[in-house]
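The structure under discussion appears below in the form of structure tokens.
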Amino acid sequence: MATLAIEGGSRIVPEGMVQSWPPLNQADRDAVLAVFDSGHLHGTSAPKALELQEKWAQYVGTKYALVTNSGTASLHMGVAAAGIGPGDEVITSAFTYWSTAAAILHHNAIPVFVDIDPKTYTMDPALIEERVNEHTKAILPVHIHGMVADMDPIKAIAKKHNLLIIEDACQAHGATYKGVKTGALGDIGCFSCNRSKNLSGGEGGLWTTDNEEYLAKAAKLREFGEVVPAAGAGAREYNAYGLGWMYRPHEFINAFILSQLERLDYNNSQRREFAAYLTRELADIPGFEGPYTPEYANPCYFSYVVSFKPEQLGLDLTPEQWKKAVQKVLAAEGIGLGQWQTRPVPSQDVFSDRVGYGKGCPWTCPFGRGDVDYSKESYPLTEQFIASHAYLGGVYPPNTMELMKLYIDGFRKVSENAEMVVELAG
Ligand SMILES: Cc1ncc(COP(=O)(O)O)c(C=O)c1O
């Protein structure tokens with residue numbers, strides 16, 4: 001049996017082998033540098049902004065797209081464009097990044113959470129309807145870790161109760177549900193292009209819709225609440241029609257995202273190939289399991305999540321204890337297992353303390369109700385999922401299958417040395 005690196009054996013993944021995301025090439029560098037010489041550094045009607053909007057709408061399959069400066073900005077634009085305001089409620093997933101909920105709070109509306117289906121880690125459609133009341137205006141499904149939410153039952157509930165659907169597709173560029181891309185599955189789609197995302201611009205965001213009215217509202221919110229005409233298309237009115245923010249991206253970012261977009265499908269196909277291999281191999285290694293993929297989904301594997309199964313090894317440990325032991329031992333082997341989220345979003349202090357804007361707002365807003373349930377007990381499956389899973393770093397290009405094979409060697413080594421792992425990590 002090979003000696004574990006933590007005990008002085010040689011590590012499986014050589015130092016420096018795991019490369020960071022996103023993969024960069026000369027085309028990316030040329031695209032960004034060309035902006036310097038273009039004479040256009042900013043503006044929502046600058047050439048790269050317009051080109052990216054057109055290409056992203058075409059890629060997703062919607063009529064319109066807008067460039068923004070973050071996923072959070074896109075989500076806030078989505079909430080505002082949907083006409084959601086003080087006291088209104090939006091139902092979303094307890095397992096997400098908190099900015100999904102922040103975007104709802106930013107418009108003085110109230111996030112209401114549902115627990116997840118642990119198999120797909122997305123919101124459980126069976127739990128949505130009991131949360132709908134006269135204040136509910138929209139459902140905000142989150143396509144998490146590159147997995148799409150189960151949209152058909154969500155759409156049926158939205159239709160029955162006359163609710164809009166705003167997708168948080170920040171982690172799911174190019175993922176599909178029954179062949180339709182995220183961003184085209186609801187009324188409004190919101191994407192992040194921050195450094196880690198499948199379509200990366202370092203920072204940035206994208207926003208999609210088929211609806212002209214939502215488009216016009218979102219565009220105003222993006223730039224101060226004003227209508228800012230394209231250069232040469234008439235004088236700016238300098239009149240705010242309502243509240244607005246500054247959610248405009250830089251042309252460097254638009255150019256960078258456009259260049260990365262050329263390789264999005266290729267990069268996603270690499271992620272899928274790596275994920276398929278890892279899941280197949282992990283199925284034969286006691287103690288671990290790869291992600292489940294429902295028939296309706298073609299995920300884009302923003303993160304490759306591993307499930308920890310100590311019972312398969314006859315260990316008297318919780319999945320979380322087993323996970324922590326493995327994380328420590330695999331780190332010494334050069335294999336990174338990260339933790340994304342440490343608690344359900346409704347269990348964060350902002351909800352338990354209801355700090356919001358201070359003085360209880362927006363929960364004390366006279367238009368709505370303040371007694372929304374954020375208790376820990378209401379989201380047990382999200383808690384369990386967080387405790388029993390971790391994501392495996394580096395499951396993307398420019399890393400190669402060679403690295404994935406070493407990862408599998410690492411999991412096998414740990415599984416074969418399970419008792420020792422527990423002892424060492426203890
Ligand atoms: C699910 C989800 N929603 C929203 C966001 C916010 O995106 P950004 O960081 O671009 O504001 C993120 C980013 O990490 C995310 O993962």
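Between residues in the range 17-30 that are under 15 Å from PHE252 (Cβ atoms) and residues that are not acidic (Asp, Glu), which pairs lie under 7 Å by C-beta distance while being six or more apart or on different chains?
Between residues of the range 17-30 that are under 15 Å from PHE252 (Cβ atoms) and residues that are not acidic (Asp, Glu), the close pairs are PRO22/SER200; PRO22/GLN260; ALA27/SER259; ASP28/PHE256; ASP28/SER259; ASP28/GLN260.
Determine whether the range 177-186 contains at least one residue that is within 16 Å of the ligand (Cβ to nearest atom), assigned by TED's automatic domain parsing to the domain that holds TYR97 and in a helix (DSSP H, G or I).
The answer is no, given that none of the residues of the range 177-186 is within 16 Å of the ligand (Cβ to nearest atom), assigned by TED's automatic domain parsing to the domain that holds TYR97 and in a helix (DSSP H, G or I).
Only one of (1) in the same structural domain as LYS48 (by TED's automatic domain parsing); (2) over 30 Å from GLY85 (Cβ atoms); (3) of a type in the set (Asp, Glu) is not met by GLU295, so which one is it?
(1)
Among the residues that make up the range 355-372, is at least one of them among the aliphatic types (A, V, I, L, M), assigned by TED's automatic domain parsing to the domain that holds ARG412 and in a loop (DSSP other than H, G, I, E, B)?
no
Only residues that are over 16 Å from ALA275 (Cβ atoms) and free of Cβ contacts under 8 Å to residues at least 60 places away in the same chain: list them for the range 322-337, please.
Matches in the range 322-337: ALA331 only.
What's the number of the condition VAL13 fails, among (1) farther than 25 Å from ILE139 by Cβ; (2) away from the ligand (no atom under 16 Å from the Cβ); (3) outside any loop (DSSP other than H, G, I, E, B); (4) open to solvent by less than 10 Å² (accessible area, probe 1.4 Å)?
(3)
Show the residue pairs meeting these rules: Cβ distance below 6 Å; 6+ apart or different chains; first residue within the range 340-358 and hydrophobic (A, V, I, L, M, F, W, C); second residue at pLDDT 95 or above.
So the pair list comes out as TRP340/TYR391; VAL345/ALA94; VAL345/THR96; VAL345/TRP98; VAL345/ALA101.
Just give me the residues in the range 81-105 being crowded, with 24+ Cβ neighbours inside 10 Å and either within 14 Å of the ligand (Cβ to nearest atom) or more than 21 Å from ASN162 (Cα to Cα) (or both), in sequence order.
The answer is VAL90, THR92, SER93, ALA94, PHE95, THR96, THR100, ALA101, ALA103, ILE104.
Test TYR396 against the criterion of being in a loop (DSSP other than H, G, I, E, B), in contact with a Phe, Trp or Tyr (Cβ under 7 Å, 6 or more places away or on another chain) and closer than 30 Å to ASN25 by Cβ, and give yes or no. Show your work before the answer.
Details: in a loop (DSSP other than H, G, I, E, B): yes; in contact with a Phe, Trp or Tyr (Cβ under 7 Å, 6 or more places away or on another chain): yes; closer than 30 Å to ASN25 by Cβ: yes.
Judged against the criteria, TYR396 is a match.
Residues in the range 124-132: is at least one charged (D, E, K, R) and either within 13 Å of GLY368 (Cα to Cα) or within 15 Å of the ligand (Cβ to nearest atom) (or both)?
no
Restricting to the range 164-178, name every residue that is touching a residue at least 40 places away in the same chain (Cβ under 8 Å) and over 15 Å from the mean Cα position of the chain (by Cα).
Scanning the range 164-178 gives LEU164, TYR177, LYS178.
Can you name every residue in the range 67-80 that is within 14 Å of the ligand (Cβ to nearest atom) and surrounded by 23 or more Cβ atoms within 10 Å (Cβ to Cβ)?
Restricting attention to the range 67-80, the residues satisfying the condition of being within 14 Å of the ligand (Cβ to nearest atom) are 67-79.
Answer for the range 67-80, where residues must be within 14 Å of the ligand (Cβ to nearest atom) and surrounded by 23 or more Cβ atoms within 10 Å (Cβ to Cβ): VAL67, THR68, GLY71, ALA73, SER74, LEU75, HIS76, MET77, GLY78, VAL79.
What about THR68, is it modelled with pLDDT of 95 or more and among the polar types (S, T, N, Q)?
Yes.
From the residues in the range 120-159 that are assigned to a strand (DSSP E or B) and over 21 Å from the mean Cα position of the chain (by Cα), which one is farthest from LEU75 (Cα to Cα)?
Step by step, filter the range 120-159, then rank; the result is THR136.
Given (1) among the polar types (S, T, N, Q); (2) open to solvent by 10 Å² or more (accessible area, probe 1.4 Å); (3) not in a loop (DSSP other than H, G, I, E, B), where does THR208 come up short, assuming only one miss?
(2)
A quick yes/no check of all residues on (1) within 27 Å of PHE411 (Cβ to Cβ); (2) surrounded by fewer than 17 Cβ atoms within 10 Å (Cβ to Cβ); (3) in contact (Cβ under 8 Å) with a residue 24 or more places away in the chain:
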site: ALA255; (1), (2), (3): no, no, yes
site: GLU262; (1), (2), (3): no, yes, yes
site: ASP265; (1), (2), (3): no, yes, yes
site: SER269; (1), (2), (3): yes, yes, no
site: ALA275; (1), (2), (3): yes, no, yes
site: ALA283; (1), (2), (3): yes, yes, no
site: PHE288; (1), (2), (3): yes, no, yes
site: PRO291; (1), (2), (3): yes, no, yes
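State yes or no: is LEU403 within 30 Å of MET1 (Cα to Cα) and either modelled with pLDDT of 95 or more or in a helix (DSSP H, G or I) (or both)?
So LEU403 passes the test.
Being open to solvent by less than 40 Å² (accessible area, probe 1.4 Å) and more than 16 Å from the ligand (Cβ to nearest atom) is the filter; apply it to the range 211-227 and report the residue that is farthest from GLN171 (Cα to Cα). Spell out the reasoning first.
Our first condition is that a residue be open to solvent by less than 40 Å² (accessible area, probe 1.4 Å); within the range 211-227, this holds for 214-215, 218-219, 221-223, 225-226.
Retained after the next criterion (residues that are more than 16 Å from the ligand (Cβ to nearest atom)): 214-215, 219, 223, 225-226.
On the way: TYR214: 22, LEU215: 22, ALA219: 23, GLU223: 25, GLY225: 28, GLU226: 30 Å.
It comes out as GLU226.
Just checking: which of the helices (runs of 4 or more DSSP H) contained wholly in the range 212-320 hold 2 or more residues that are among the polar types (S, T, N, Q)?
Correct list: 251-261, 264-282.
Go through the range 377-393 and give me each residue that's open to solvent by 50 Å² or more (accessible area, probe 1.4 Å) and assigned to a strand (DSSP E or B).
Of everything in the range 377-393, just one residue is open to solvent by 50 Å² or more (accessible area, probe 1.4 Å) and assigned to a strand (DSSP E or B), namely TYR391.
The values are calculated or read from the model by the stated rules, or taken from the named source; none is laboratory data. Note that this is a predicted model, so its numbers are computed, not measured. Heads up, the Cβs are rebuilt from the backbone with ideal geometry, glycines too, and the neighbour counts pull from every protein chain shown. Note: accessible area is taken over every heavy atom of the protein model, side chains too, but ligands, DNA and RNA are not part of it. Shrake-Rupley method; radii C 1.70, N 1.55, O 1.52, S 1.80 Å.
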